[in-house]
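Report on the following structure.
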Amino acid sequence: MTWNLKKRYTDEDNFELTNYIKTSVQGIAPDTSEEVIHGAIKRYFTSKKEAENRMSKNKAEIHKKRQATYERKKEKLRRRLSALDKKTKWSKDKKELVRGLLSSKSAHKYMSSDEEGDDGFISHPFSWESESFRSVKDSLDKKFLETCPVRSKRLLSKRTRGSLKDEEPPTLPEQFMWIVSP
């Protein structure tokens, strides 16, 4: 039983597998609404279709690298948000300002990209970053390492600062302009 990815998941050709998945989920989680199940099946089908598309166009490796970069940026963001809660010497206003930035929808775009090196990761800060933004990020990274359990610290990859990544500054809402160098 396989899906015909050239069709939709609701088409007759795909009914058997779609229905099998739906029935299986209902058996495991009977309280789950049909709307949620169909949403999940649609997402899963779309993922399979996109993966096949990438394979046929030889773009799977590019996608894999892009996803790895995105996940590293997301993890960096999560660590910094976690450290922000533990900052005791910052004012409430400063914490709220930083939290607003780090909680924004596009916050991952403001995290420097890391590239894998021989001894861990090499971080390439953006050329447009202000000194205050760099200082905030460094302070949060330091706080995270201070509060990180020893065992977890051992699992973290070493990060070194590399060359600046020359890029145009992003278009930002007024309240986040402090992260851009004047």
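Details
- Of all residues in segment 1-15, exactly one satisfies the criterion of being loosely packed, with under 10 Cβ neighbours inside 10 Å, assigned to a loop (DSSP other than H, G, I, E, B) and more than 32 Å from the chain's Cα centre (by Cα), namely Met1.
- For segment 24-42, filtering for residues that are in a helix (DSSP H, G or I), surrounded by 11 or more Cβ atoms within 10 Å (Cβ to Cβ) and either under 28 Å from the mean Cα position of the chain (by Cα) or β-branched (Val, Ile, Thr) (or both) leaves 8.
- Being surrounded by 13 or more Cβ atoms within 10 Å (Cβ to Cβ), part of a helix (DSSP H, G or I) and among the hydroxyl-bearing types (Ser, Thr, Tyr) is a description that applies to Thr18.
- Out of Ser123, Ser113, Ser157, one residue alone is under 15 Å from Glu75 (Cβ atoms) and touching a His at 6+ places or on another chain (Cβ under 8 Å). It is Ser113.
- Looking only at segment 48-65, and only at residues there that are in a helix (DSSP H, G or I) and among the polar types (S, T, N, Q), the one that is surrounded by the most Cβ atoms within 10 Å (Cβ to Cβ): Asn53
- When residues in segment 65-84 are screened for being farther than 11 Å from Ser113 by Cβ and either among the aromatic types (Phe, Trp, Tyr) or touching a residue at least 60 places away in the same chain (Cβ under 8 Å) (or both), 4 of them pass.
Conditions (1) exposed (fewer than 13 other Cβ atoms within 10 Å of the Cβ); (2) of a type outside the set (Lys, Arg), marked per residue:
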| position | (1), (2) |
| --- | --- |
| Leu77 | no, yes |
| Arg80 | no, no |
| Lys87 | no, no |
| Leu97 | no, yes |
| Ser130 | no, yes |
| Val150 | yes, yes |
| Arg154 | yes, no |
| Lys158 | yes, no |
| Lys165 | no, no |
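- Unique residue being within 30 Å of Thr160 (Cα to Cα) and under 27 Å from the mean Cα position of the chain (by Cα) when the list is Arg66, Arg54: Arg66
- Between Ser113, Ser24, Ser47, Ser103, the distinction of being farther than 19 Å from Arg134 by Cβ, of a type in the set (Gly, Ala, Ser) and assigned by TED's automatic domain parsing to the domain that holds Leu145 belongs to Ser103 only.
Per-residue answers, yes or no, for (1) out of contact with any Lys or Arg (no Cβ under 9 Å at 6 or more places or on another chain); (2) modelled with pLDDT under 90:
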{"site": "Ser130", "(1), (2)": "yes, no"}
{"site": "Lys137", "(1), (2)": "no, no"}
{"site": "Phe144", "(1), (2)": "no, no"}
{"site": "Thr147", "(1), (2)": "no, no"}
{"site": "Lys158", "(1), (2)": "yes, yes"}
{"site": "Pro173", "(1), (2)": "yes, no"}
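- The criterion of at least 2 residues that are touching a strand residue (DSSP E or B) at 6+ places or on another chain (Cβ under 7 Å) and closer than 30 Å to Arg54 by Cβ is met by the following strands (runs of 3 or more DSSP E) wholly inside segment 66-182: 113-117, 120-124.
- Within the set Leu145, Leu102, Leu156, Leu97, the sole residue that is touching a helix residue (DSSP H, G or I) at 6+ places or on another chain (Cβ under 6 Å), under 17 Å from Ser82 (Cα atoms) and not aromatic (Phe, Trp, Tyr) turns out to be Leu102.
The values are calculated or read from the model by the stated rules, or taken from the named source; none is laboratory data. Source: prediction; values computed, not measured. With ideal geometry, Cβ positions are generated from the backbone for all residues, glycine too; neighbour counts draw on all protein chains shown.
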